[in-house]
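Below is one structure, written out as structure tokens, with a few remarks after it.
The values are calculated or read from the model by the stated rules, or taken from the named source; none is laboratory data. None of these values were measured; they are calculated from a predicted model. Cβ placement follows ideal geometry from the backbone for every residue including glycine, while neighbour counts extend to all protein chains displayed. The protein model used for the area step is the full one, side chains on, heavy atoms only, and it has no ligands, DNA or RNA in it. Shrake-Rupley method; radii C 1.70, N 1.55, O 1.52, S 1.80 Å.
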Amino acid sequence: MDGQGYSDHLNSYREMSAFHWEIETAGSKAKVSEILERFDLPGDDFIEGFPDLAKKVQELPDSPTLPG
């Protein structure tokens with residue numbers, strides 16, 4: 001499906017691009033959670049509509065890593 005059924009949540013190509021970019025550059029699952037909340041997209045809808053992004057999120061640490 002790749003997000004096409006979620007026009008209620010992401011209303012424009014620009015908003016969809018911003019969403020993808022923010023998820024791609026999030027450094028942690030906590031940050032992704034903040035992004036989903038800001039875009040008003042429930043986690044289950046994210047997993048169903050964006051399976052490729054959801055797989056990438058699974059590989060992220062739970063919380064941001066501090067520079068060492």
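Couple of notes before you dig in:
- For segment 20-30, filtering for residues that are in contact with a Ser or Thr (Cβ under 8 Å, 6 or more places away or on another chain) and either surrounded by 15 or more Cβ atoms within 10 Å (Cβ to Cβ) or charged (D, E, K, R) (or both) leaves 2.
- For segment 28-54, the set of residues classified as more than 14 Å from Met16 (Cα to Cα) and among the small types (Gly, Ala, Ser) consists of Ser28, Ala30, Ser33, Gly43, Ala54, listed by residue number.
- Residues of segment 49-68 satisfying the condition of being open to solvent by less than 100 Å² (accessible area, probe 1.4 Å) and not aliphatic (A, V, I, L, M): Gly49, Phe50, Pro51, Pro61, Ser63, Pro64
- Count - residues of segment 31-48 that are closer than 17 Å to Gln58 by Cα, open to solvent by 40 Å² or more (accessible area, probe 1.4 Å) and assigned to a helix (DSSP H, G or I): 7
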